[in-house]
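Structure first, then comments.
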Amino acid sequence: MMIITVGNTKGGVGKTTLAVSLAIARALAGRDVWLIDGDRQGTAQTAISIRAENGVSPGIACATYPDGPTLRSQVQQQASKFDDIIIDAGGRDSTALRAALVLSDVLLVPFAPRSYDVWALGDMAALVDEARSVRDGLRSVAVLNLADPGGNSVDNDEAAAAVADVPQFEYLATPIRRRKAFANATGAGLSVQEMKPMDKKATAELSALEKALF
C-alpha cells in the first residue's frame, strides 16, 4: 500500500488535476484507490462526484477531510482497505497538508515554470524537514507541471536546476505540459486515458509520471 500526497503551499500549480488523474490511472490499472480531498474548495471531490453521476467505471472512492486531525485519524483507520491512497492537499500551509506529509510515503510537489513557483519550493522544503523529523523515509519529488506544450527544454532545464538547489527534493524528469486534455478530462471526472478522442501526448506524459512514482 502506498500513500502519495500531491501538495504545494502555492496555489494554481495543478495539484487537483494531477491527484485526480493519478487516482483514476491507478484504478484503471486494477488498484483499489482512495482519493482524499484535503482542500476546503473540494475540487477533487466535485470531479469524482461528476464521474459517479455519469456512471463511469471504475468508480473512485473519495472523501473530503480539510481538517488535519480528521484526515489523520481517518487514514489510520481506513488505510488497510486500499492499495493506493492519493491525498490532494490544498494550496496553502494547512493542518491537512501537515497531517498528510506525516502519513505519506511520497510527496509529489507540482510546480509551474515561473520563478515564484520555484521560490515556493523553499516553503515546502521546511515542511518536508519537519515531517521527516517525525517520520523516516518520506520520498519527496518535484515535477514540472503546466509546462510549455511546445516542448521548450529551456523551461525544463531551468526547473531542474532550481530543484537541484533544494536538497530536500528529487526532480522527476517527467514534465506534464499545459494541455487542454488535462483540464477537460478533470472537469468531466475522467483521466486523459479515458477521453475520446485520446490525446496521445497527454496520456504518455501521465503514464511516465505514474511509472516514476509507483
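The values are calculated or read from the model by the stated rules, or taken from the named source; none is laboratory data. Not measured: the values here are computed from a predicted model. FYI the Cβ positions are ideal-geometry reconstructions off the backbone, even for glycines, and counts take in every protein chain you see.
From the set of residues in the range 154-179 that are farther than 22 Å from Lys211 by Cα and among the charged types (D, E, K, R), which is surrounded by the fewest Cβ atoms within 10 Å (Cβ to Cβ)? Don't jump to the end; show me each part of the working.
Within the range 154-179, the subset farther than 22 Å from Lys211 by Cα is 154-155, 158, 161-162, 165-167.
Then drop every residue that is not among the charged types (D, E, K, R), which leaves 155, 158, 165.
Details: Asp155: 19, Glu158: 15, Asp165: 11.
By that ranking, first place goes to Asp165.
Of the conditions (1) closer than 19 Å to Leu18 by Cβ; (2) more than 16 Å from the chain's Cα centre (by Cα); (3) surrounded by fewer than 21 Cβ atoms within 10 Å (Cβ to Cβ), Leu71 clears all except one; give me its number.
So the condition that Leu71 fails would be (3).
Is it fair to say Val134 is in contact (Cβ under 8 Å) with a residue 60 or more places away in the chain and more than 19 Å from Arg92 (Cβ to Cβ)? Working first, answer last.
Details: in contact (Cβ under 8 Å) with a residue 60 or more places away in the chain: no; more than 19 Å from Arg92 (Cβ to Cβ): yes.
Judged against the criteria, Val134 is not a match.
Could you go through the range 142-150 and let me know if any residue there is in a helix (DSSP H, G or I), without any contact (Cβ under 8 Å) to a residue 12 or more places away in the chain and surrounded by fewer than 21 Cβ atoms within 10 Å (Cβ to Cβ). Give the steps one after another, and end with the answer.
Kept after step one, since they are in a helix (DSSP H, G or I), are these residues of the range 142-150: none.
Checked the range 142-150: no residue is in a helix (DSSP H, G or I), without any contact (Cβ under 8 Å) to a residue 12 or more places away in the chain and surrounded by fewer than 21 Cβ atoms within 10 Å (Cβ to Cβ).
Restricting to the range 74-94, name every residue that is surrounded by 18 or more Cβ atoms within 10 Å (Cβ to Cβ) and not small (Gly, Ala, Ser).
In the first step, residues of the range 74-94 are kept if they are surrounded by 18 or more Cβ atoms within 10 Å (Cβ to Cβ); the result is 75, 82, 84-91, 94.
Of everything in the range 74-94, those that are surrounded by 18 or more Cβ atoms within 10 Å (Cβ to Cβ) and not small (Gly, Ala, Ser) turn out to be Val75, Phe82, Asp84, Ile85, Ile86, Ile87, Asp88.
How many of the residues in the range 83-119 are more than 15 Å from Thr5 (Cα to Cα) and in contact with a Phe, Trp or Tyr (Cβ under 7 Å, 6 or more places away or on another chain)? Can you show your working first?
Residues of the range 83-119 that are more than 15 Å from Thr5 (Cα to Cα), as a first pass: 112-119.
Within this subset, residues satisfying the condition of being in contact with a Phe, Trp or Tyr (Cβ under 7 Å, 6 or more places away or on another chain) are 117-118.
Within the range 83-119, residues that are more than 15 Å from Thr5 (Cα to Cα) and in contact with a Phe, Trp or Tyr (Cβ under 7 Å, 6 or more places away or on another chain) number 2.
Write out, first by first residue and then by second, each pair whose Cβ atoms fall under 6 Å of each other, whose residues are 6+ apart or on separate chains, and whose first residue, in the range 190-214, is acidic (Asp, Glu) while the second is buried (at least 17 other Cβ atoms within 10 Å of the Cβ).
Asp199/Ala181; Asp199/Val192; Glu205/Ile176; Glu210/Ala25
Looking at Gly189 and the list (1) within 23 Å of Thr43 (Cα to Cα); (2) modelled with pLDDT of 95 or more; (3) in a helix (DSSP H, G or I), which single condition is not satisfied?
(3)
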